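Trainee: Below: one structure in structure tokens.
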Amino acid sequence: MTYVDCHFHQSERFASMLRLVAKSLCLQCQGVRALINIRPCATLSSAENRHTVEALYELSVDIRKIRQLKGWVLCRDPAYVTEAASLLKDMGASGPVVARVLELHPEAVLCSPEQMQVQRELWTSVCPNQRELVGIIEKFPASFFTSSSHHDNQRNNIAYFQSLHLNKRIVAKLMASAPQSFSRPVGQNEEMVLTLQRAYLELGGEETNMKIWLQKLLTQNPFVLLKPPEALRHNFLFLRDKGFTTAELLRLLSKLRGFVTELNPDSMRRTLAYSQHTMGCSEPQLRDIVIECPALLYYSEAILAERFEGLRRAGISMAQITETPTILELTIQIVSYRIQRLRASGYDVKTGSLEALNGTKKDFEKSYGRLQLRRERPLFNPVAPLKCDD
């Protein structure tokens, strides 16, 4: 090969290498440009509102979550993302709180600024503290961002519940946890409240205590307002036919609060029959047990069967259960855990009272603490001579 041929081939190889390098650099540049342009809206659906997606992105909202759960919101026009965020921030909400609200309830951006302002005025009338109101909105955003067609009903219901002398905090809690009851005509709520008040008085309740009783009832179960008044009457008639006295019915109503409207005669008949058969008690004994543990009225047969069997496997006798029936309100997992802890402290539930493992978590911890203290404290023998210095 001549010098010229050799030089030519070297030049060709060099040119080929330059082309490969150039191609590689070009691909790298394209990749860099692609990375720079990557954003959640890069895969924007043709049906989505680009302005909505961009505004949510700027607020650090997880758009993927909205697409998975409520993607239809992103397709609506008009949307008021900036206005919703400004309203919340003006009330004291931080950026992360705004993002959480819009992720949890993206429908908020479909409310017009006029609707949002009306809602703010309505809620401020029962919760003037802006910080507390932001806390409510964070937990119950759907209750705040609602349709404009319900504003009159909301206003009338607020006035009605305030006329019952319920404090503003209770009314705000009702609006937050059961917004449907404020969206419907006030007459429906009046009918249910009157039914509850009438039942309370007919069963021997004192009128001076009725406001406090009603307040507790509505706080514990605000959805009682959405139940038909007939349900309450039918349940009381059934329980009266089962032999419960007026005084016992009042105790049940006070213990069950609004949950008495969740029951129905057929389900109560089945659970009572199953409980009586399983515990082998008489009807009067069963009524006493129900008064102490109203859960027997609303637990299904399957739940009761699981709990009776679990207690039996733990070595607890039926006599112990009938003596402390509220043990049936605890799941088997909770009972097993508490039995293990008590056993470690030297307490045998097979021979002792079930009160040691009964009650709320706070009640149990108190009982457990007393057992520990008793175990660690040295016994004092009053007959033994005292040691003293000569």
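Trainee: Which residue out of T246, T324 is more than 25 Å from the chain's Cα centre (by Cα), buried (at least 17 other Cβ atoms within 10 Å of the Cβ) and either within 20 Å of A199 (Cα to Cα) or not aromatic (F, W, Y) (or both)?
Mentor: Going through T246, T324 in turn, the sole match is T324.
Trainee: Here's a follow-up. Got a sec? Which of F236, F161 is of a type in the set (F, W, Y), crowded, with 17+ Cβ neighbours inside 10 Å and closer than 27 Å to I289 by Cβ?
Mentor: F236
Trainee: Residue by residue through region 294-309, note down the ones that are buried (at least 17 other Cβ atoms within 10 Å of the Cβ) and either in a helix (DSSP H, G or I) or touching a residue at least 60 places away in the same chain (Cβ under 8 Å) (or both).
Mentor: We begin by selecting, within region 294-309, every residue buried (at least 17 other Cβ atoms within 10 Å of the Cβ); these are 294-297, 299, 304, 307-308.
Within region 294-309, A295, L296, L297, L304, R307, F308 qualify.
Trainee: Checking the structure you have, find out if any residue of region 4-26 is at pLDDT below 50, more than 27 Å from L133 (Cβ to Cβ) and among the β-branched types (V, I, T).
Mentor: Looking through region 4-26, at least one residue is at pLDDT below 50, more than 27 Å from L133 (Cβ to Cβ) and among the β-branched types (V, I, T).
Trainee: For residues in region 249-289 being within 20 Å of M318 (Cβ to Cβ) and of a type in the set (A, V, I, L, M, F, W, C), which is surrounded by the fewest Cβ atoms within 10 Å (Cβ to Cβ)?
Mentor: A273
Conditions (1) at pLDDT below 90; (2) farther than 26 Å from T322 by Cα; (3) of a type in the set (D, E, K, R), marked per residue:
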position	(1), (2), (3)
M192	no, yes, no
L196	no, yes, no
Q220	yes, yes, no
K227	yes, yes, yes
K255	yes, no, yes
V260	yes, no, no
P265	no, no, no
L272	no, no, no
M279	no, no, no
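Trainee: Any idea which of V134, V171, V126 is of a type in the set (V, I, T) and over 30 Å from E207 (Cβ atoms)?
Mentor: V134
Trainee: Taking the conditions exactly as written (in contact (Cβ under 8 Å) with a residue 40 or more places away in the chain, surrounded by fewer than 17 Cβ atoms within 10 Å (Cβ to Cβ) and at negative phi), does K139 satisfy them or not? Steps first, answer last, please.
Mentor: Details: in contact (Cβ under 8 Å) with a residue 40 or more places away in the chain: no; surrounded by fewer than 17 Cβ atoms within 10 Å (Cβ to Cβ): yes; at negative phi: yes.
So K139 does not fit the description; no.
Trainee: Go through H165, H151 for me and flag whichever is of a type outside the set (G, A, S), out of contact with any Ser or Thr (no Cβ under 8 Å at 6 or more places or on another chain), in a loop (DSSP other than H, G, I, E, B) and modelled with pLDDT under 95.
Mentor: Testing whether each residue is of a type outside the set (G, A, S), out of contact with any Ser or Thr (no Cβ under 8 Å at 6 or more places or on another chain), in a loop (DSSP other than H, G, I, E, B) and modelled with pLDDT under 95 leaves just H165.
Trainee: Now a separate question. Would you kindly identify the helices (runs of 4 or more DSSP H) lying entirely within region 203-268 that contain at least 1 residues that are among the acidic types (D, E) and under 16 Å from L297 (Cβ atoms)?
Mentor: Ranges flagged: 229-241, 246-256.
Trainee: Take the conditions of a type in the set (F, W, Y), over 20 Å from I291 (Cα atoms), touching a residue at least 12 places away in the same chain (Cβ under 8 Å) and assigned to a helix (DSSP H, G or I) and apply them to F182. Does it pass?
Mentor: yes
Trainee: Next question, about the same structure. Of everything in region 56-92 that's touching a residue at least 40 places away in the same chain (Cβ under 8 Å) and in a helix (DSSP H, G or I), which residue is nearest to L133 (Cα to Cα)?
Mentor: Looking at the filtered set, the residue picked out is L88.
Trainee: Has region 93-100 got at least one residue that is hydrophobic (A, V, I, L, M, F, W, C), outside any helix (DSSP H, G or I) and modelled with pLDDT under 95?
Mentor: no
Trainee: If you don't mind, another one. Is at least one residue of region 192-201 more than 21 Å from V118 (Cβ to Cβ), crowded, with 17+ Cβ neighbours inside 10 Å and among the hydroxyl-bearing types (S, T, Y)?
Mentor: Yes; the residues of region 192-201 include at least one that is more than 21 Å from V118 (Cβ to Cβ), crowded, with 17+ Cβ neighbours inside 10 Å and among the hydroxyl-bearing types (S, T, Y).
Trainee: For region 53-86, name all the residues that are within 25 Å of the chain's Cα centre (by Cα) and β-branched (V, I, T).
Mentor: V61, I63, I66, V73
The values are calculated or read from the model by the stated rules, or taken from the named source; none is laboratory data. In this text the structure is predicted, and so the values were computed from the model without any measurement. For neighbour counting, all protein chains shown are included, and Cβ atoms are generated from backbone atoms with ideal geometry for every residue, glycine included.
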